[in-house]
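Trainee: Below you will find the structure I want to go over with you.
Computed from the coordinates by the stated procedures, all read-outs in this text should not be read as laboratory data. All values derive from a computational prediction rather than experimental measurement. Heads up, the Cβs are rebuilt from the backbone with ideal geometry, glycines too, and the neighbour counts pull from every protein chain shown.
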């Protein structure tokens, strides 16, 4: 059983985390870092001119817009053409930003989109014990995974779910819930703050 084999080898988990941290970032990760910074600065947003907002929404994926409108969610569109949603978690009086990417990638015949939410950021590189905590949490997740994205002198910890680009509104809603609640819980556990 894979779970027991890895649970018995914390040194292997640490080695995997160290190796993953040494990998060079890929292009989509740069957008994720920008989105993470955007989530942190959401309370300081500048008003967008209506013509700029219309231009951004026109270039964003209309399938996402239709699903979000069906769900009656309020959203904005950022410079990366991602849909940005900010939720208030009623029970905890916390907020969490979620990004639904307009950009998609192909994996064989499947067109895939990501839904992400930033949990927290650290100055410099993520510590080994934090990487091990995220890897352990990945093991129990059924949909999505943790990633770290380095941007300058900061590292963002982001939870991401991949789903078919043409997913229906209910599936998208489930993905939004998965990243929102998972990222917020980790942010609360690791920082006790509500920055994202």
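Trainee: Return the distance in nm (one decimal) between the two label points of a simple spin-label model at residue 93 and residue 79, each offset 7 Å from Cα along Cα→Cβ.
Mentor: 3.5 nm
Trainee: In addition: With a point put 7 Å past each Cα toward its Cβ, work out how far residue 103 is from residue 177 in nm, to one decimal.
Mentor: Distance between the two pseudo-spin positions: 2.9 nm.
Trainee: For residue 192 and residue 111, FRET efficiency with R0 = 45 Å and r from the beta-carbon atoms, rounded to 0.05?
Mentor: Efficiency at R0 = 45 Å is approximately 0.70.
Trainee: With a 10 Å Cβ neighbour count serving as the proxy for reagent exposure, in which order, fewest first, do 150, 170 appear?
Mentor: 170, 150
Trainee: In nm, to one decimal, how far is the residue 122 label point from the residue 139 one, both placed 7 Å along Cα→Cβ?
Mentor: 1.9 nm
Trainee: When N counts the residues of segment 109-196, how does its alpha-carbon radius of gyration compare numerically with 2.2 N^0.38 Å, as a ratio? Mind dumping the intermediate values first?
Mentor: Numbers: Rg = 13.6 Å, N = 88, 2.2 N^0.38 = 12.1 Å.
Rounded to two decimals, the normalised Rg is 1.13.
Trainee: By how many nm would the segment from residue 71 to residue 166 grow when fully extended, if each residue of separation counts as 0.36 nm and the alpha-carbon distance is taken off?
Mentor: Gain on extension, residue 71 to residue 166, equals 32.7 nm.
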